[in-house]
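Laboratory data are not the source of any read-out in this text; all were calculated from the coordinates shown. Only a predicted model underlies this, so the values are computations on that prediction, with no experimental measurement involved. Glycine also receives a Cβ, built like all others from the backbone with ideal geometry; neighbour counts cover every protein chain displayed.
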Amino acid sequence: MFIRDQIQELVRGAAMVAFSQADLSEINVEYPAELTHGDYSTNVALILAKQVSLKPREVAEKIVEELKKGGTKILSKIEIAGPGFINFFLSPEYLIGECQGILVHSSSFGNSDYKNGKTIVTDTSHPNVAKPMGVHHLLSTIIGNSINRILAAVGYKVIRDNYLGDWGTQFGKLIWAYKNWGDEVVVKSDPIPELQKLYVRFHNEVETRPELDDLGRAEFKKLEDGDGENRKLWKWIVDLSIEQFTEIWSRLGVSFDYIHGESFYEDKMQEIIDMGIQKGLFVEGEKKAGTTGAGALIFKFEHEKYPPCIIRKSDGATIYATRDLARTKYWQDTWHPDLMVIVADTAQELHFKQFFEVAHALGITNAPNIHAWFGRMSFPEKRMSTRKGNIILMEELLDEAEEMAGEVVNEKNPNLGEAQRKEVARVVGIGAVKYAVLAQNRQTNVIFTWDKMLSLDGNSAPYLQYVFARAWSILRKSGVTDLEQLIDEKMNPLLVEQTEVTLSRLVIRLPEIISFAADELKPNLLTNYLFQVASQFNSFYSAVNVMKTEGALKQARLALVGSTIVVLKNGLALLGIEAPMEM
């Protein structure tokens, strides 16, 4: 049970004694805005005041009176503030015990069974086959990876799927371009860039030859109908693309349990179509003037809540929604998840709202579907467009990050050997890119700036990594090479300096912070906390000379340093960021 929950139960118990007839369904225990106001706070007195016809402060006084009768070793002080807020301060004995617990649990500290027994299926990354992975795939890949790690840390059984973009009309266009302009020898020599050139050429040509769009659609229809030549060419393109993607995912420390591309659902869509027709949910849409044959198959929303969702186009070809519905049914039938999460950008909000509603109307799942959407990523004075061919490649971005990080490492520690310097540059560079994305609320746009990203003084991965390395430096100078050396179950609560007490109050929060991040699917809640811990550690480092301390007090302070190391390392790991012991 989280500390927050323990205090919430104490408050509930005291309030029940003081006001037995009151509705106690709303008891919230939160962190105060300032640590000087305590470790936890509740506004329960303000909520109950109207029910019991007393002033909030009078209600707070009666609850505190009952709390003090019961007594608890967790708390050292309970205060009433303002109009009736109740603030709780954790005891020094409890804090030092929890810090020891951090060292005992070490690599598993922060994990909980908060969502134990529940299954969640996620879809993240999902790049498009035949196109190089660009930085526009960075957000879904990095945010999705961190969300997956955070969800696993709170006890979810996480099924990591990757809904690869390996199907659709664009493949008909690429196949047409290859058949008419492609050279097998040239394409085989450098597959993805050469295929990309063909794709860009098609979209340039179509501006003056609009009939090419129909020819591309016809090639995709042949592919969908099982044409042997088109199938063979498509399979070759898919295999080459996955090979390239896997190299980048590995570099980012990202992995998946399954890669189920859109094509995987090709033979599963007709069942969805038949189901919708039988239930009267899918109907024929209006035909374009002058056309013959059947119209598109659509789902209409009540009161025109959304535009109609197209299930099958008038030419018989399927569309994104068809495959998404088939995928949802497959997830439900295969894993019976409690929750389904798709990490994709804000531009697809309408699509997901539409197909989620269609899925529930069909009854193919009762599990909530969540679109964990994120904003756009931009570079000063640069625009990205796959069709125009000036995409910023993710691989090039990572190369540049490592190179620039290497310069920072050289400046800070020129005595590192070449092999170690390269490894630290890799860890710092890749970590900086990830943190730049994760440190912001995913629902805001990301402006990518190198100076901010690689700063050792601000809210960045290098800053946190540097604090981590500094903490290890203190331990090494004190003869500590293993955190187990710091475990002492009989340690006295000797921490009295304000900076060290504040730090101890922060480090024990990690499990609760992870639970908040899991509930909101927002890694930035974790980054905000880690930056707060790192900043407080630096305040502690500046105010307290651990090396000149002696005896039991030094042992207690070293344990606090070790606890900070555990928290930073475990927290960064949930962001997919490594922490070097020296930099």
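Which links in Lys329/Lys353; Lys221/Lys268; Lys197/Lys235; Lys232/Lys313 stretch past 21 Å when you go from one Cα to the other? Let's see the in-between values first.
Working: Lys329/Lys353 16 Å; Lys221/Lys268 17 Å; Lys197/Lys235 19 Å; Lys232/Lys313 25 Å.
In this structure, Lys232/Lys313 exceed 21 Å between Cα atoms.
Which whole-Hz ³J(HN,Hα) couplings does segment 546-555 yield from phi under the Karplus relation 6.51 cos²θ - 1.76 cosθ + 1.60, θ = phi - 60°, glycine and proline marked x?
Result, rounded to whole Hz: 4, 5, 8, 7, 10, x, 5, 5, 5, 4.
Given the C-alpha centroids of segment 540-583 and segment 501-517, what is the distance between them in whole angstrom?
Answer, in whole Å: 15.
Would you calculate a helix-derived [θ] at 222 nm for the chain, using -39,500 (n - 2.57) for each DSSP H run of n ≥ 4 and dividing by the full residue count, to the nearest 500? Please list the in-between numbers first.
Numbers: 21 runs with 308 residues, N = 583.
Mean residue ellipticity at 222 nm (helix-derived): -17000 deg cm²/dmol.
Rg and Dmax of segment 77-200, using alpha carbons, in Å: what are they?
26.0, 79
For segment 3-90, what are Rg and Dmax over the alpha carbons, in angstrom?
Radius of gyration, then largest Cα-Cα span, for segment 3-90: 11.7, 34 Å.
Among all the aspartates and glutamates, which ones have a C-alpha under 17 Å from Lys50's C-alpha, if same-chain residues fewer than 8 places away are not counted?
Asp23, Glu26, Glu58, Glu61
Which one, Val566, Ala425, Gln532, projects farthest toward the positive side of the charge dipole computed for the chain from Cβ point charges (K/R +1, D/E -1)?
Looking along the dipole axis, the top candidate is Gln532.
Please list, or write none, the aspartates and glutamates whose alpha carbon is within less than 15 Å of the alpha carbon of Lys68, excluding same-chain residues fewer than 8 places away.
Correct list for Lys68: Glu9, Glu79.
Of all beta bridges DSSP finds with both residues in the chain, what is the antiparallel percent, to the nearest 5? Before the final figure, lay out the partial values.
Values: 20 of 40 bridges.
Antiparallel: roughly 50 percent of the beta bridges in the chain.
Computed over the Cα atoms of segment 167-250, what is the convex hull's projected area averaged over all directions, in nm²?
Reported value for the Cα convex hull: 5.6 nm².
Which net charge results for the neighbourhood of Cys309, defined as the other residues with beta-carbon distances under 14 angstrom from its beta-carbon, given Lys and Arg at +1 and Asp and Glu at -1?
Working: positive: Lys300, Lys305, Arg312, Lys313, Arg323, Lys353; negative: Glu284, Glu302, Glu304, Asp324, Glu349, Glu357.
Summing Lys/Arg as +1 and Asp/Glu as -1 gives 0.
For Ala552, what is the net charge nearby, where nearby means another residue's Cβ is under 13 Å from its Cβ and Lys, Arg count +1, Asp, Glu -1? Don't skip to the answer; put the middle values down first.
On the way: positive: Lys490, Lys554, Arg557; negative: Asp488, Glu550.
Around Ala552, the charge tally is +1.
What is the angle, in °, between the Cα long axis of helix 169-181 and the longest principal axis of the Cα atoms in the chain? Nearest 10 is fine, range 0 to 90.
50 degrees
Quick check: net charge around Ser41, other residues with Cβ under 13 Å of its Cβ, Lys/Arg +1 and Asp/Glu -1? Display every interim value, and only then the final one.
On the way: positive: Arg4, Lys77; negative: Glu30, Glu34, Asp39, Glu79.
Residues near Ser41 contribute -2 overall.
How far, in degrees from 0 to 90, does helix 394-412 lean away from the longest principal axis of the Cα atoms of the chain, to the nearest 10?
On a 0 to 90 degree scale, this one is about 30.
Using the Kirkwood radius built from alpha carbon pairs, what does the Stokes-Einstein equation give as D for the chain at 37 °C and 0.692 mPa s, in µm² per second? Write down the numbers at each step before the final one.
Numbers: Rh = 27.3 Å.
For these conditions, the coefficient is 120 µm²/s.
Test of the criteria: in segment 1-78, which chymotrypsin sites (Phe, Trp or Tyr not before Pro) are in a DSSP loop and have at most 15 other Cβ atoms within 10 angstrom of their Cβ? Walk me through the numbers before you get to the answer.
Details: sites: Phe2, Phe19, Tyr40; in loops: Phe2, Phe19.
Counting only loop positions with at most 15 other Cβ atoms within 10 Å, the chymotrypsin sites (Phe, Trp or Tyr not before Pro) in segment 1-78 are Phe2.
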